[in-house]
Amino acid sequence: CRAMKPMLDELAEGNTAYKSVDGNLFSYDGTRLIKYAGGSEATAYTVPDGTVIIEDNAFEYAKHLTEVTLPDSVEEIQDQAFLYCEGLETLPLGKGLRIIGGQAFGYCRSLTEVTIPDHVEELSYSVFSGCEKLTSVVIPDSVTLIDDYAFAFCDGLYSVEIGPNVTRLGDTAFGFCT
């Protein structure tokens with residue numbers, strides 16, 4: 001909501017736990033992006049370098065975003081961080097990424113291509129479920145688990161490269177893909 005920006009700016013003054021950066025809520029030290037300014041009509045956003053964690057639901061329902069750029073400093077994307085970002089088309093994942101939470105990119109219906117960075121070991125439940133326009137996924141050698149429903153309901157998915165170290169493929173990991 002647009003009214004949040006002035007409130008966040010006011011909150012940040014003198015607050016030692018949180019700060020506002022262009023209306024986006026961060027931990028005071030800037031390492032955790034807690035909430036993207038949901039009322040923003042911007043189509044692109046660059047997460048500041050030095051951000052380490054994208055928190056649960058941070059970008060949820062950010063309907064105007066088509067592109068988000070993550071720096072290599074991001075190590076963790078928590079559960080549902082980008083859930084229902086239906087306009088999101090491109091999201092290059094930084095080289096520092098190690099953890100991707102459940103439903104992190106669920107129902108990002110416009111996302112077309114994903115390359116998972118080399119240090120990610122697990123693809124959590126429903127991580128890309130409902131990404132209808134997703135056509136291509138490259139899963140690196142570091143991944144050992146593709147959890148339940150990870151790519152379920154990805155109707156456009158036709159190219160998947162899976163590294164040799166996957167030891168567990170969850171129930172319906174690629175289910176309901178036409």
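The values are calculated or read from the model by the stated rules, or taken from the named source; none is laboratory data. Computed from a predicted structure; not experimentally measured. We place every Cβ from the backbone using ideal geometry, glycine too, and count neighbours over all the protein chains shown. These accessible areas exclude ligands, DNA and RNA; they are computed on the full protein's heavy atoms, side chains included. Shrake-Rupley method; radii C 1.70, N 1.55, O 1.52, S 1.80 Å.
Percent of accessible area on the range 110-178 owned by carbon and sulfur, 1.4 Å probe?
With neighbouring chains kept in place, the figure for the range 110-178 is 47 percent.
Out of these labelled values of Cα Rg over 2.2 N^0.38 Å, [x] 1.14; [y] 1.03; [z] 1.27, which was calculated from the coordinates shown here?
Given [x] 1.14; [y] 1.03; [z] 1.27, the calculated one carries the label [y].
Counting only other residues whose beta carbon sits under 13 Å from that of residue 175, what net charge do I get with K and R as +1, D and E as -1?
-4
Under 23 Å between alpha carbons: how many lysine pairs meet that in the chain, if sequence neighbours fewer than 8 apart on the same chain are excluded?
Pairs that pass both the separation and distance tests number 7.
So if I place +1 on the C-beta of Lys and Arg and -1 on the C-beta of Asp and Glu, and nothing else carries charge, what would the dipole magnitude of the chain be about its Cα centre? I want it in debye, nearest 20.
280
What is the sum of charges around residue 111, taking Lys and Arg as +1, Asp and Glu as -1, for the other residues whose C-beta is under 12 Å from the C-beta of residue 111? If you can, show how the numbers build up before the last one.
Working: positive: 109, 133; negative: 67, 86, 89, 113, 132.
Result for the neighbourhood of residue 111: -3.
Determine the sum of side-chain charges near residue 147: Lys and Arg each +1, Asp and Glu each -1, restricted to other residues whose C-beta is under 14 angstrom from that of residue 147.
Every neighbour counted, the sum reads -4.
Excluding ligands, DNA and RNA, what is the solvent-accessible area per residue of the range 117-178 at a probe of 1.4 Å, expressed in Å²? Walk me through the numbers before you get to the answer.
On the way: 3050 Å² over 62 residues.
Dividing the accessible area of the range 117-178 by its residue count gives 49 Å².
Which residue, 140, 114, 66, has the largest displacement toward the positive end of the dipole of the range 32-178 when charges sit on each Cβ (Lys, Arg +1; Asp, Glu -1)?
Working it through, the farthest residue towards the positive pole turns out to be 66.
Leaving out ligands, DNA and RNA, and with a 1.4 Å probe, what % of the accessible surface on the range 43-83 is carbon or sulfur?
That fraction is 42 percent.
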